[in-house]
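Before any comments, here is the structure.
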Amino acid sequence: MSEKRLARQSNMELLRIVAMLMVMVLHTGYASFGYPRTVWLQAEPLRWLGLTMTEVYTVACVNIFVLITGWFGTTFRTKGAVRLAIQPIYVTFVLALYVWLAGLPLPTGVMGYVRPIWNYWFVCSYLVLYLLTPMLNAFVEKSDEAALRRFLLVFYVITIPCSFVFADLQKGYSAVSFVGLYLLGRYLRLYGAARLQHWPRWRFMALYVVLMGTMGLVGWGAGMMSQTFMGAFVPFVVAYTNPITIVAAGAMLLFFSRVRLQSRLVNWLASGSFAAYLVHQNILVRKEYYAYIRHLADIIPSTPLFMLAVLALIMAIYVISTLAIQVVIRTVK
């Protein structure tokens with residue numbers, strides 16, 4: 001913990017930025033255009049191939065973000081919890097001001113302004129994980145590699161199938177899933193990285209590309225022939241308990257752990273990653289974000305130009321969010 005606070009590892013901070021950009025790109029796919037149906041794939045196969053590949057290559061974003069937390073073995077601090085809790089309030093206040101100035105529809109009633117603050121599933125789950133980190137770290141310290149490996153094996157053997165059967169685990173959109181990812185991140189840092197040190201760095205990225213690409217191509221191809229398959233494929237792909245996604249996220253983590261980088265700019269940009277999520281997923285503006293993505297698709301016929309426009313929008317939101325959140329970061333140190 002002290003090492004992290006004194007000198008942030010820019011390679012992992014870069015991964016944090018990448019993970020959040022993946023979140024924002026993810027929400028330009030199915031979230032903006034709707035979940036695919038076989039008739040749509042048959043009518044516009046290339047369009048939906050692009051959307052499907054966008055979805056599969058970015059869906060590991062949340063898992064990566066939580067794995068980073070586990071990699072560093074984050075320790076609970078009261079100020080850290082306060083900062084996590086304050087950011088949604090601050091962002092909602094700023095966005096409410098923006099909505100008013102932009103002439104967009106304002107919320108009605110007090111709850112209309114309160115609801116955006118607690119409507120983030122990720123914030124609630126991550127805050128619960130943060131509160132549990134002292135116990136999780138103590139468990140890791142008292143366990144040897146074999147014990148931790150057995151626990152993770154049993155954890156995922158139980159939670160992965162159960163998450164697709166029972167609503168409680170919400171397919172990984174929950175604190176329970178985050179606990180497993182946190183411990184997996186610790187295991188990879190303490191034992192996994194050393195065990196795989198003979199692997200060249202490129203293999204981890206290749207593993208990510210092959211796993212996610214294969215999943216996307218299979219889903220797209222089979223989905224064109226069967227709505228029944230497509231109906232089962234989409235919930236599997238978007239689930240954070242998808243074992244393929246978990247393995248791919250771990251591969252991405254190990255790839256970036258081999259990167260040698262130290263940059264103040266990267267560290268500063270990484271400080272705004274959480275804020276970028278809060279801004280574009282706040283319910284005061286979320287529908288407008290999705291609608292604007294669709295609007296860009298309508299007015300820009302060229303796919304490369306559309307992609308550049310979306311990337312520019314995402315980068316602008318990210319940088320503005322980073323600048324805006326510095327008030328909270330500097331106030332609650």
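Descriptive notes on the structure:
- Of the residues making up the stretch 87-133, those that are in contact (Cβ under 8 Å) with a residue 60 or more places away in the chain and surrounded by fewer than 16 Cβ atoms within 10 Å (Cβ to Cβ) are 98, 104, 115.
- Filter result for the condition that a residue is part of a helix (DSSP H, G or I) and crowded, with 24+ Cβ neighbours inside 10 Å, over 25, 62: 62
Each row is one residue, and each column tells you yes or no for (1) in a helix (DSSP H, G or I); (2) among the small types (Gly, Ala, Ser); (3) free of Cβ contacts under 8 Å to residues at least 24 places away in the same chain; (4) surrounded by 13 or more Cβ atoms within 10 Å (Cβ to Cβ).
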| site | (1), (2), (3), (4) |
| --- | --- |
| 155 | yes, no, no, yes |
| 158 | yes, no, yes, no |
| 162 | yes, no, yes, yes |
| 169 | yes, no, no, yes |
| 179 | yes, no, no, yes |
| 190 | yes, no, no, yes |
| 205 | yes, no, no, yes |
| 221 | yes, yes, yes, yes |
| 266 | yes, no, no, yes |
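- Scanning the stretch 272-305 for residues that are closer than 18 Å to residue 86 by Cβ and part of a helix (DSSP H, G or I) turns up 273, 274, 275, 276, 277, 278, 279.
- Within the stretch 223-264, the residues that satisfy the criterion of being β-branched (Val, Ile, Thr), within 21 Å of residue 208 (Cα to Cα) and assigned to a helix (DSSP H, G or I) are 234, 237, 238, 244, 245, 246, 247.
- Of all residues in the stretch 311-328 being among the β-branched types (Val, Ile, Thr) and within 18 Å of the chain's Cα centre (by Cα), the one that is surrounded by the fewest Cβ atoms within 10 Å (Cβ to Cβ): 319
A quick yes/no check of all residues on (1) over 20 Å from residue 22 (Cα atoms); (2) touching a Ser or Thr at 6+ places or on another chain (Cβ under 9 Å); (3) at pLDDT 95 or above:
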| residue | (1), (2), (3) |
| --- | --- |
| 151 | yes, yes, yes |
| 171 | no, yes, no |
| 185 | no, yes, yes |
| 189 | yes, yes, yes |
| 225 | yes, yes, no |
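The values are calculated or read from the model by the stated rules, or taken from the named source; none is laboratory data. Small disclaimer: the values here were computed from a predicted structure and weren't measured. All Cβ positions, glycine included, derive from the backbone under ideal geometry; neighbour counts span all protein chains shown.
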